[in-house]
Amino acid sequence: MPGSRDLKLAVLPGDGIGPEITDATVAVLKAAARRTGLKLSIKQGLIGWKAYDKFKSTLPDVTLRILREHDGWIVGPTFAGEYPKDDPYRGHPNGYIRRQFGLFCNVRPVQAWPQLDPLIPDLDITVLRENTEGFYADRNLAWGYGEFKPTDDVALSLRVITAKACERFARFAFEYAAASGIGRLAVVHKRTALPQTEGLFIGAFERLNREYKKISVELVRIDTFSSLFPREPHRYKLVATTNLFGDILSDQASGLAGGVGVAPSLNAGLDHAMAQAVHGTAPDIAGKGKANPSALIFSTALLCRWFFLRTKNPACRETASVIERGVKKALEKGIMTPDLGGKASTASFAKAVVAIITDGL
Ligand code: ATP
């Protein structure tokens, strides 16, 4: 859809607090789009328990069709491994979506939240995590499982790294570095211990750097990065790394920023991208109007930026910025949900952000 001025979105509310936080998110997105003149079309679909109750599948064909027909998706959390055994997606519909639609990059920006008493008050870093390969035993073979035990006291894990996946991931990272204005990229690796696989990964960045000459690339060993990062947290702005390292580093950064509770994320590919909060379904507070929708709202801002990367439509970038400024202003005014020490309900928080976006920015 390059050049298109409309944002065609699918919204799948999911389980637990999913319906509450997606309602809040859609309200904020609509307000931001009204302000920037971005045309939105939104289609709702089912995933998780509600889909299973109706179609005996947590990810029915009708939902897959909606996903295919829409480039960007806002998806609420789904339960991990608690669906009935006859579910064709074995309780992991999100994992299936990521593989099926080639969402190869997990974008995890981490910003400190003053309300969460962060260890590093002004932390601001983005981790780009390769999302399809690596040491994940459930997804690194076409058939079978990538971790096995030939004898009782020997266990083996396989890690898959392909030149093709490294290339598309590296290109995405360079594009992101350019579009975000960050302009520099730390490629975090462990080539000393894993020369072939990490060599392929690094090689893709070295090759593409000749094309993206304006982006400066620093190769940093994961051990060096881990010891330097807490002491010099502003040294790195944008990190690109393999799947397992990315999983660990993004959570480490979130921990330093005040916890994963409000962390946004985007799972992005070339043709589709999925905005999703890092937190789970929070069954303890589901349906009580206590959930903080900020993580999903910020994830949706990331989705708008991804649309900007693809279409260069400035209204997409503006919409992202309006959303982010609206939420931050609400927090500055002390309008917060109970997890941050406030009294606002999910809906009243969203209403306040909508009012700020409409009249108060
Ligand atoms: P799941 O099994 O889906 O991962 P979980 O409860 O194990 O669910 P989370 O959903 O991440 O894991 O919740 C961990 C804790 O953080 C819970 O106490 C939950 O209420 C709280 N929490 C998670 N997300 C939010 C949110 N958006 N707003 C407020 N509290 C949240």
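Below is a table of values for the structure above.
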| item | result |
| --- | --- |
| Modelled FRET efficiency - R0 35 Å, Ala355 with Lys312, Cβ distances, 0.05 increments | 0.70 |
| Stokes-Einstein D for the stretch 118-257, Kirkwood Rh over Cα pairs, 4 °C, 1.567 mPa s (µm²/s) | 81 µm²/s |
| Dipole of the stretch 72-217, positive direction: furthest Cα of Leu119, Gly146, Val187, with charges on the beta-carbon | Val187 |
| Inter-part distance where the stretch 34-95 and the stretch 141-194 are each reduced to a Cα centre, Å | 27 Å |
| Carbon plus sulfur fraction of accessible area for the chain, probe 1.4 Å, in percent | 54 percent |
| Largest to smallest principal axis extent of the C-alpha atoms in the chain, angstrom | 56, 49, 42 |
| Estimated dipole of the chain in Debye, rounded to 20 [Cβ of Lys and Arg +1, of Asp and Glu -1, Cα centre] | 1200 debye |
| Accessible area (Å², per residue) of the chain, counting only protein heavy atoms and a probe of 1.4 Å | 45 Å² |
| 20 Å Cα-Cα reach of Lys149 towards aspartates and glutamates, excluding residues that sit fewer than 8 places from it in its own chain | Asp138 |
| Ellipticity estimate at 222 nm from DSSP helix runs (n ≥ 4, -39,500 (n - 2.57)) divided over the chain, nearest 500 | -13000 deg cm²/dmol |
| Asp152 paired with Glu232, simple spin-label distance in nm, labels 7 Å along Cα-to-beta-carbon | 5.0 nm |
| Unit charges at the beta carbon, dipole of the stretch 118-257: most positive-side option, Phe229, Tyr212, Gly255 | Tyr212 |
| Separation between Cα centres of the stretch 312-328 and the stretch 215-274, rounded to whole Å | 23 Å |
| Mean Kyte hydropathy of 0.0 or more with a Cα span along the axis of at least 30 Å, helices from DSSP in the chain | none |
| Angstrom value of the Kirkwood radius, inverse mean 1/r, which spans all Cα pairs in the stretch 86-161 | 15.6 Å |
| Nearby aspartates and glutamates by direct alpha-carbon distance to Lys333 (threshold 15 angstrom, same-chain neighbours under 8 apart not counted) | Glu324, Asp359 |
| Ordering of 157-164, 313-320 by burial proxy (mean other Cβ atoms within 10 Å per residue, highest first) | 313-320, 157-164 |
| Long-range Cα-Cα pairs in the stretch 294-361 (distance over 14 Å), rounded percent | 58 percent |
| Most to least packed among 177-184, 25-32, 138-145 [average Cβ atoms within 10 Å] | 25-32, 177-184, 138-145 |
| Estimated inter-spin distance, Asp284 and Leu116, nm [label 7 Å along Cα→Cβ] | 1.6 nm |
| The chain, relative contact order [Cα under 8 Å, separation at least 6], % | 23 percent |
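The values are calculated or read from the model by the stated rules, or taken from the named source; none is laboratory data. The structure presented is a predicted model; accordingly, all values stated were derived computationally and were not measured. Every residue, glycine among them, receives a Cβ derived from its backbone with ideal geometry; neighbour counts consider all protein chains shown. Ligands, DNA and RNA are stripped out before the accessible areas are found, and what is left, the full protein with its side chains, is counted by its heavy atoms. Shrake-Rupley method; radii C 1.70, N 1.55, O 1.52, S 1.80 Å.
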